[in-house]
Amino acid sequence: MTERENTAADGPDQEDEEVRRGQEERLRKVWAAPKGWRYWSAVNNTEVGIWYTAAAFGFMLFAGVLALTMRVQLAVPENDFLTATFYNQVYTLHGTVMMFLFAVPIFEAVAIILLPEMLGARDLPFPRLSAFGFWCFMIGGVFVAGSIFFDAAPNAGWFMYPPLTTDERYTPGYGPDIWLLGLSFIEIASLAAAVELIVGTLKCRPPGMRLNLMPLYAWYVLVVAGMILFAFPPLIAGDILFELERMFDWPFFDPSRGGDPVLWQHLFWIFGHPEVYIVFLPAIALVAMIVPTFAQRPILGYSWIVLAAVGTGFISFGLWVHHMYTTGLPAISLGFFSAASEAVAIPTGVQIFVFLATLLTGRVIFSVPMLFVAGALATFVIGGLTGVMVALAPFDWQAHDTYFVVAHLHYVLIGGMLFPLMAGVYYYWPIIGARKLSDRLGRIAFWLMFVGFNVAFLPMHWAGLMGMPRRVWTYPEALGVGISNLVSSVGAFVFASGVLVIVWDVIRPRSREPYAKRNPWTAGTLEWLARMPSESWGVRSVPIISSRYPLWEQPNFVDDVDKGRFYLPDAEEMKRETLVTTVLDGKPLHCLRVPGPSFMPMIAAIMTGAVFIFATFHWWTLTITAMVLSIASIIIWLWRGTAQIPEKAEKDVGLGLKLPLYKSGPDSIGWWAMFITMTGDATAFVGLIFGYFYFFTIHADFPPPTAVGPGVFWPSIALLLFASAWTAALFARILNRAGRVGPARGLMAAGSVASLAASATLLWGPFTNGLDPSAHVYPATVWVLAIWTAVHGGVGGLMLGYCLARSYADRMTPEYDIDISNVALYWHFAGGTALVTVATLAYFPMLM
Amino acid sequence: MQIFGRTKDNLWTLIAAPVIWGIHFLFSYFLAAFRCAPNADIFESIGSTRVAIGFVTLVSLCLIALVIRRAWHEWLTGGGGFRNDQDTPEGRESFLEFSTLLLAGLSFAAVVFETMPILVIGDCR
């Protein structure tokens, strides 16, 4: 940028050092983390991201210790280091913690730290939502992981198959409830992160960063967050059914009353298989950032990586039944899933070849991150090849539930996720710690981990093929797998020592070491604008991007950013601000005021967590109290912190550009967040509807000919009331926008009443017809759909009431109408839910 | 999305082909599952189901072929080649067209993969 262009805009003189110093002081003050005990009210991505990452690593170490106790137990035949029942808890918790408390959250954690930096944004659009997600994760995680210290941990495997887990005879105690409720609660954190990351990637990119210039990491984040939105909700639906069966004996998975345990397997694996890719893709995304830096050239085949990320994202949803080859499904069904399982190897392979091609055509620097990348690719390819083997149904029938599968999944996860992540730790540590990690310790750690891993897991292939089943607490000497297991156990400890070396490298005091130089690896992407040590404001000014590797290719770029020659070089009004841009080309749309520190997200998370924890132990009064407090805390948070009317309509963001400070409808990020949240919500609903039609498919007659349903009359009335509430919400928005505040308020009030009446009426149908949900799966399914929809009606009513209050409090006006505009959007989904529910429950049986 | 003539590409046109794959996949799976449940006569031939899936396969492949044709054509008439990293609307368009082409190719292959079971499996065993 020339000086002439800069001064052409009649803003502050960025060449004046005094001006810049004043701006930096203001920015520093505005973005500073709170001090003292208030530190825990921080919501900025740098604080929350680091807590999140540290917590996820902490859970990983805990689950790693569990793994080591398993390896001690299995080191020799007929060992009694652990009892059988405790061993069950240990392996269940090992899998659960690694998957739910480490592999998925670490993606969210790392993305919360890195994404804004890569996008030249000051923060993600919903920092308090990130903080809420973190606290949910933390509370749920401690609850689930801590249960083992009370000998109460879940003990039936990380995928909780019924009837083993639904029958009190086999799994007494609270273990499965802790799993179901604790993890459902954590899934909220994942969905919150998905919303945050999708909106962040699509709407908070810097000006000029078109889709074709986005860092590859952001492409992966977009795909993975989209996958979370479609993968986690079916599990939430499954959890609801499961917990209703455990708590109230609703027989969804009990064949003697029309249920089917295989339905759980479907719902679990519709989540579970995409989850493998949800774990794998973000780690590979780190590789996609590391490889160009150390090959010293731009990535070769950018579009091919996008193909791989998006293609894998889709096809990974067509694989779930390959975990269920032995359930007796017809061969033709298995064939479809086997075909998709083979097809997914194509995009997965493409990205590996892209990395290899980039390295072959570049001048490679062999650093510690590259060492881990090389180890990752080698390990992952082996896991991928055994994956192709177990994707073939006849082979899987032999290998299913043996140590062959254990070996396969660890090769995939450690090669595809842990090694790339360690590469990322070594690569990105300067951004967090302002110093490089030790090169020497890194190499030692890598070789210990790489050798230890292969020594531990390679023999498991043979142990599995020799017939050693997974999840057994011990084995007879006659099986002939004693040596192989001893070798595995030795390898596991070597591997663990490598992990410890990294832990030491991270936590060892190094205050006497000098700071790393800025951009220590000479990388080309925006996150390396960070100063050493970094400032909490993120970027000094939000840059204009015209290249995929601006630090390499845009002349004078770092200086222009540092001197504040781009957008938002100042915080004149002492508010935290970032830019919102268009999806395709990154054109500036508005200046977003993001909220600062607050304890409300933590309080809301504690209250919500209390609901789940009290429900686990059936303390109903406390559960309901916590529920009320949770709703109240969320309302207070929203009331005080969202949709705030700015003191002026627009502001000069620099370079002569004036942008509005408030936008509603599809231009606002809140609207996008509602849309994305409700898409996830709708997916969970589809999971429940899938349950209904699943039972319809497997039963010759469903609904059973003798069964009494909810009738047609009451559901029809409910549908009419839902439609009125929906219409009221829609017209309230339109009238309010048109300045007719009085009639709009009337409609909000009427809509609120109508939706509460609609919910009550919908429940009245099955109630008045005496449907007993514990008698058979049909009434249970009717009830669960009716309750789901009624809850949505209730929430919709509450939202309309909230808008009414906002209107009376002058916090919502015809011009500033985010609240009603988002609530109207909610009602499109709620109305659609009611329509499908009533059509399924009341009208569909008439067609049969 | 426009099939004939020039289209402004976006994220929805990018995922059109894999969405078609998804619909084809779910249709095939649900139809076969519905036909083969509740497992009364597993040796009975399911010819009509296979024909229906075959028909939907043809339709899906044709639709994906249209996506390929459009993306390919527009990418070439826009100049093809290596402009995907340029800071212009044309660069973005070219990138989206080329990526659409690649994804559509993958989706085509995946639909062909998905259809193979109906060629060899004729009943509900």
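The values are calculated or read from the model by the stated rules, or taken from the named source; none is laboratory data. The model shown is predicted, which means the values in this text are computed figures rather than measured ones. Every residue, glycine as well, gets a Cβ built from its backbone with ideal geometry; the counts of neighbours run over all protein chains shown. Calculation scope for accessible area: heavy atoms of the full protein, side chains included, ligands and nucleic acids excluded. Shrake-Rupley method; radii C 1.70, N 1.55, O 1.52, S 1.80 Å.
Descriptive notes on the structure:
- Tallying residues that are surrounded by 13 or more Cβ atoms within 10 Å (Cβ to Cβ) and either part of a loop (DSSP other than H, G, I, E, B) or more than 8 Å from chain A (Cβ to nearest Cβ) (or both) within the stretch B:31-43 yields 3.
Residues are listed down the side, and each one gets a yes or a no for (1) at pLDDT 90 or above; (2) in the same structural domain as residue A:100 (by TED's automatic domain parsing); (3) in contact with a Leu (Cβ under 6 Å, 6 or more places away or on another chain); (4) more than 27 Å from residue B:92 (Cβ to Cβ):
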position	(1), (2), (3), (4)
A:139	yes, yes, no, yes
A:157	yes, yes, no, yes
A:162	yes, yes, no, yes
A:180	yes, yes, no, yes
A:190	yes, yes, no, yes
A:197	yes, yes, no, no
A:220	yes, yes, yes, no
A:236	yes, yes, no, yes
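- The stretch B:87-101, subset of a type in the set (Asp, Glu) and more than 8 Å from chain A (Cβ to nearest Cβ), residue farthest from the chain's Cα centre (by Cα): B:90
- Residue, nearest to residue B:21 (Cα to Cα), within the stretch A:310-328, restricted to residues that are outside any helix (DSSP H, G or I) and either in contact (Cβ under 8 Å) with a residue 40 or more places away in the chain or at the interface with chain B (Cβ under 8 Å from one of its Cβ atoms) (or both): A:319
- Residue, farthest from residue A:40 (Cα to Cα), within the stretch A:128-155, restricted to residues that are open to solvent by 10 Å² or more (accessible area, probe 1.4 Å) and in a loop (DSSP other than H, G, I, E, B): A:155
- Every residue from the stretch B:66-83 that is of a type outside the set (Val, Ile, Thr) and open to solvent by 20 Å² or more (accessible area, probe 1.4 Å): B:66, B:69, B:72, B:73, B:75, B:76, B:78, B:79, B:81, B:82, B:83
- Taken over the stretch A:541-557, residues that are within 14 Å of chain B (Cβ to nearest Cβ) and closer than 23 Å to residue A:669 by Cα amount to 3.
- Residues satisfying the stated conditions in the stretch B:44-65, i.e. within 14 Å of chain A (Cβ to nearest Cβ), open to solvent by less than 60 Å² (accessible area, probe 1.4 Å) and touching a helix residue (DSSP H, G or I) at 6+ places or on another chain (Cβ under 7 Å): B:46, B:49, B:52, B:53, B:54, B:56, B:57, B:60, B:64
Conditions (1) part of a helix (DSSP H, G or I); (2) of a type in the set (D, E, K, R); (3) free of Cβ contacts under 8 Å to residues at least 60 places away in the same chain; (4) more than 12 Å from every other protein chain (Cβ to nearest Cβ), marked per residue:
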position: A:259; (1), (2), (3), (4): no, no, no, yes
position: A:293; (1), (2), (3), (4): yes, no, no, yes
position: A:304; (1), (2), (3), (4): yes, no, yes, no
position: A:308; (1), (2), (3), (4): yes, no, yes, no
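- Just one of the listed residues (A:366, A:372, A:337, A:355) is hydrophobic (A, V, I, L, M, F, W, C) and open to solvent by 10 Å² or more (accessible area, probe 1.4 Å), namely A:366.
- Any chance residue A:210 is open to solvent by less than 10 Å² (accessible area, probe 1.4 Å), among the basic types (Lys, Arg), modelled with pLDDT of 90 or more and closer than 23 Å to residue A:671 by Cα: no
A quick yes/no check of all residues on (1) among the aromatic types (Phe, Trp, Tyr); (2) part of a loop (DSSP other than H, G, I, E, B); (3) within 30 Å of the chain's Cα centre (by Cα):
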| residue | (1), (2), (3) |
| --- | --- |
| A:461 | no, no, no |
| A:473 | yes, yes, no |
| A:487 | no, no, no |
| A:492 | no, no, yes |
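- Taking the stretch A:474-513 as the range and being of a type outside the set (Lys, Arg) and under 22 Å from residue A:50 (Cβ atoms) as the test, the residues that pass are A:499, A:500, A:501, A:502, A:503, A:504, A:505, A:506, A:507, A:509, A:511, A:513.
- Entry remark, the stretch A:558-583: residues being touching a helix residue (DSSP H, G or I) at 6+ places or on another chain (Cβ under 6 Å) and within 14 Å of chain B (Cβ to nearest Cβ) number 1 in total.
- Selection status of residue B:7, assigned to a helix (DSSP H, G or I) and more than 8 Å from chain A (Cβ to nearest Cβ): no
- From A:229, A:300, residue being assigned to a helix (DSSP H, G or I) and either aliphatic (A, V, I, L, M) or not assigned by TED's automatic domain parsing to the domain that holds residue A:428 (or both): A:229
To keep it simple, each residue is scored yes or no on (1) part of a helix (DSSP H, G or I); (2) open to solvent by less than 10 Å² (accessible area, probe 1.4 Å); (3) in contact with a strand residue (DSSP E or B) (Cβ under 6 Å, 6 or more places away or on another chain).
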| site | (1), (2), (3) |
| --- | --- |
| A:538 | no, no, no |
| A:558 | yes, no, no |
| A:572 | no, no, no |
| A:580 | no, yes, yes |
| A:589 | no, no, yes |
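- Criterion (within 16 Å of residue B:110 (Cα to Cα) and at pLDDT 90 or above) met by exactly one of B:52, B:71, B:65: B:65
- Taking (1) within 28 Å of the chain's Cα centre (by Cα); (2) open to solvent by 50 Å² or more (accessible area, probe 1.4 Å) in turn, residue A:511 satisfies each apart from (1).
Yes/no matrix, rows are residues, columns are (1) surrounded by fewer than 19 Cβ atoms within 10 Å (Cβ to Cβ); (2) among the hydrophobic types (A, V, I, L, M, F, W, C); (3) in contact (Cβ under 8 Å) with a residue 60 or more places away in the chain:
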position: A:669; (1), (2), (3): no, yes, yes
position: A:680; (1), (2), (3): no, no, yes
position: A:713; (1), (2), (3): yes, yes, no
position: A:723; (1), (2), (3): yes, yes, yes
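- The lone exception for residue B:14 - which of (1) modelled with pLDDT of 95 or more; (2) under 15 Å from the mean Cα position of the chain (by Cα) it fails: (1)
- Considering residues of the stretch B:102-114 that are open to solvent by 20 Å² or more (accessible area, probe 1.4 Å) and in contact (Cβ under 8 Å) with a residue 40 or more places away in the chain only, the residue farthest from the other protein chains (Cβ to nearest Cβ): B:108
- Restricting attention to the stretch A:517-536, the residues being away from chain B (no Cβ under 14 Å) and open to solvent by less than 20 Å² (accessible area, probe 1.4 Å) number 7.
- For the stretch A:710-808, the helices (runs of 4 or more DSSP H) that sit wholly inside it and include 3 or more residues that are under 22 Å from residue A:829 (Cβ atoms) and touching an Asp or Glu at 6+ places or on another chain (Cβ under 9 Å) are A:713-737, A:777-808.
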